[in-house]
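S.K.: Here's a structure for you.
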Amino acid sequence: MKITRITVWQLDLPLHKPYWLSGGRLKFERLDSTILRIDTDESIHGWGEGCPWGVTYLPAFGRGIRAGLEELCPLLIGQDPRAIDRLNRLMDVALPGHPYIKAAIDIALWDILGHAAGMAVCNLIGGREPDPVPIASSVSTGTPEEMLAEVERFRGLGYRVHSCKIGANVGLDIARVRHLNAHQRPGEVLFYDVNRAWLPREAITVMNAVAEVQSWFEQPCETLEEIAQVRRATRHPICVDEALHTINDLSRIQREGIAEVVNIKINRVGGLTKARRMRDFCLAHGITMMIMDSGGTVLSDTAIAHMAQSIPAPSCLAVWSCQDMIRVDPAPSQGARNVDGCFTAPILPGIGVEPDLDVLGEPVCVYA
Ligand code: MG
């Protein structure tokens, strides 16, 4: 089997409503997604998506993906798409770093392999675990009352896990955490995502002031050095998100005891292949995971559902459903959907999503 053509679309994804991170310092209203289809000479094709959360959240942006594809796609034409590790090495030699550029290609390769084997991707990457995976909400930052109202809205959609965005100033953050924690319901999980907004001094002050909270704090500071400093001076479990890019970051997190939880975002780490290596490392070392993406449609959401569905339940806390936050759906009624606050990976071969070409519109680029 050989790759014969790669077609690339750009898709604007307007959010249902403006979204704020870290005390209002970052506002988001629309996402810039890149969707691609890899065709082969055996009438099998695969779909992938890459969608950073705006341009300020990570060192990644939508136009960057499409510029990187200009470098990578010509090299992939003529290659066997089923040799996924080999093609990842090829891409890493041709364009070192830039994992977010490679994720959409990698997802499409797994989609092709699934179609070729007649197996769902979660079965290919290790086997389907029986339980649906809880979806974590993404609660935009605001006043304590506004945030609780947003949690309430997500409760109405079936969510029982909530990622509450904080990180403004010490006093307001303590008030937010106390208010939300006081209104947590039995069976619910609320955790607090700082999106790297605190200095170590602020993190230590807030976390030690809310000792009653039986949950974890995500990415309290910018760097692993700062988070390690917070780790030594606090008692809550800590999750690393934005500072986890490579398996070397992950091995350092384990070696130095920096965090008990990691948020593996498929797009940020370079696709399912590299996320799978991280998954296995985490399972070997007792690190708990959340499997998410940095944004995207039901296509990205379904890719993460397959990875999450391959992880035993105690080790996988949650996924994320970006589709619930955007106003565009290129594959209505397909893929992983919120059912009672959970995702289940489709049983169809591959990823199990076939986007509607009418929604995608004209491609921005074709490599053949
Ligand atoms: Mg996060």
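S.K.: Below 12 angstrom from the Cβ of residue 174, what's the summed charge of the other residues (Lys, Arg +1; Asp, Glu -1)?
M.R.: In short, -1.
S.K.: Within the stretch 138-236, which trypsin sites (Lys or Arg not before Pro) sit in a loop by DSSP and count at most 11 neighbouring Cβ atoms inside 10 Å?
M.R.: Qualifying residues, ordered by number: 235.
S.K.: Using a probe radius of 1.4 Å on heavy atoms only, what accessible surface per residue do you get for the chain? Whole Å² is fine.
M.R.: Value returned for the chain: 37 Å² of accessible area per residue.
S.K.: What length, rounded to one decimal in nm, is gained on full extension from residue 313 through to residue 117, with 0.36 nm per residue of separation minus their alpha-carbon distance?
M.R.: Extending this stretch completely gives an extra 68.0 nm.
S.K.: Quantify, in whole percent, the carbon and sulfur part of the accessible surface of the stretch 123-343 (1.4 Å probe; protein heavy atoms only).
M.R.: Looking at the stretch 123-343 in its full context, I get 52 percent from C and S.
S.K.: Give the long-range amide H neighbours of residue 265: residues separated by 5 or more places, or on another chain, with amide H under 5 Å away, using H modelled in the peptide plane at 1.01 Å from N.
M.R.: 292
S.K.: Here is a follow-up. With contacts defined as alpha carbon pairs under 8 Å and 6 or more residues apart, what's the relative contact order of the chain in percent?
M.R.: 22
S.K.: Which is the longest part of the chain that has none of the GluC sites (Glu not before Pro) sitting in a DSSP loop with at most 15 other Cβ atoms within 10 Å?
M.R.: Excluding the exposed sites themselves, the longest stretch runs over 43-187.
S.K.: Counting only pairs 8 or more residues apart or on different chains, how many lysine pairs in the chain have their Cα atoms under 24 Å apart?
M.R.: 11
S.K.: Could you list which residues have their amide H under 5 Å from that of residue 22, counting only those 5 or more apart in sequence or on another chain, with H placed in the peptide plane?
M.R.: 141, 166
S.K.: Which residue, 352, 171, 271, tops the fluctuation ranking in a GNM of the chain built on C-alpha contacts under 10 Å?
M.R.: In this elastic network of the chain, the residue with the biggest mean-square fluctuation among 352, 171, 271 is 171.
S.K.: Ok, one more. Just how far, in whole angstrom, is the stretch 1-51 from the stretch 119-171 if you go by their alpha carbon centroids?
M.R.: Centre-to-centre distance over Cα atoms comes out at 21 Å.
S.K.: With +1 assigned to the C-beta of every Lys and Arg and -1 to the C-beta of every Asp and Glu, and no other charges, what is the dipole magnitude of the chain about the Cα centre in debye, to the nearest 20?
M.R.: It comes to approximately 660 debye.
S.K.: When the Karplus curve 6.51 cos²θ - 1.76 cosθ + 1.60 is applied with θ = phi - 60°, which whole-Hz ³J(HN,Hα) does each residue of the stretch 42-52 get, with x for Gly and Pro?
M.R.: Running phi through 6.51 cos²θ - 1.76 cosθ + 1.60 with θ = phi - 60° gives 10, 6, 10, 9, x, 10, x, 9, x, 8, x Hz.
S.K.: Taking every pair of alpha-carbon atoms in the chain, give the share separated by more than 27 Å as a whole percent.
M.R.: For the chain, the share of Cα pairs beyond 27 Å comes to 44 percent.
S.K.: Among DSSP beta bridges lying fully in the chain, give the percent that are antiparallel, nearest 5.
M.R.: Close to 50 percent.
S.K.: Also: Note the angle between two axes, namely the Cα long axis of helix 99-117 and the longest principal axis of the Cα atoms of the chain, as a number of degrees from 0 to 90, rounded to the nearest 10.
M.R.: 60
S.K.: Taking 0.36 nm per residue of sequence separation and subtracting the Cα-Cα distance, how much length would be gained by fully extending the chain between residue 359 and residue 235, in nm to one decimal?
M.R.: Contour length minus the Cα-Cα distance gives 39.8 nm.
S.K.: Next question, about the same structure. If I take R0 = 30 Å and measure r between the Cβ atoms of residue 214 and residue 56 in this structure, what FRET efficiency does the formula 1/(1 + (r/R0)^6) give, to the nearest 0.05?
M.R.: That gives a FRET efficiency of 0.40.
S.K.: Going from the alpha-carbon gyration tensor of the stretch 322-368, what semi-axes, largest first and in whole Å, does one get by taking the root of 5 times each eigenvalue?
M.R.: The three semi-axes for the stretch 322-368 are 24, 15, 8 Å.
S.K.: Amide H neighbours of residue 318 under 5 Å, at least 5 residues apart or on other chains, H built in the peptide plane: list them.
M.R.: 291
S.K.: Also, I was wondering about something else. Run the quick spin-label model on residue 368 and residue 149: label points 7 Å from Cα toward the beta carbon, then report their separation in nm to one decimal.
M.R.: 5.3
S.K.: To test your reading of the geometry: what angle, between 0 and 90 degrees and rounded to tens, separates the Cα axis of helix 144-156 from the longest principal axis of the chain?
M.R.: 50
S.K.: Report the net charge of residues surrounding residue 79, where surrounding means a beta-carbon distance below 9 angstrom and charges are Lys +1, Arg +1, Asp -1, Glu -1.
M.R.: Taking every Cβ under 9 Å from that of residue 79, the sum is +1.
S.K.: Which one of 96, 14, 134 has the biggest mean-square fluctuation once the chain is modelled by GNM with Cα springs under 10 Å?
M.R.: 96
The values are calculated or read from the model by the stated rules, or taken from the named source; none is laboratory data. Since we're looking at a predicted model, the values are computed, not measured. Backbone-built Cβ (ideal geometry, glycine too); neighbour counts: all protein chains shown. Areas reflect the complete protein model, heavy atoms only, side chains present, ligands, DNA and RNA absent. Shrake-Rupley method; radii C 1.70, N 1.55, O 1.52, S 1.80 Å.
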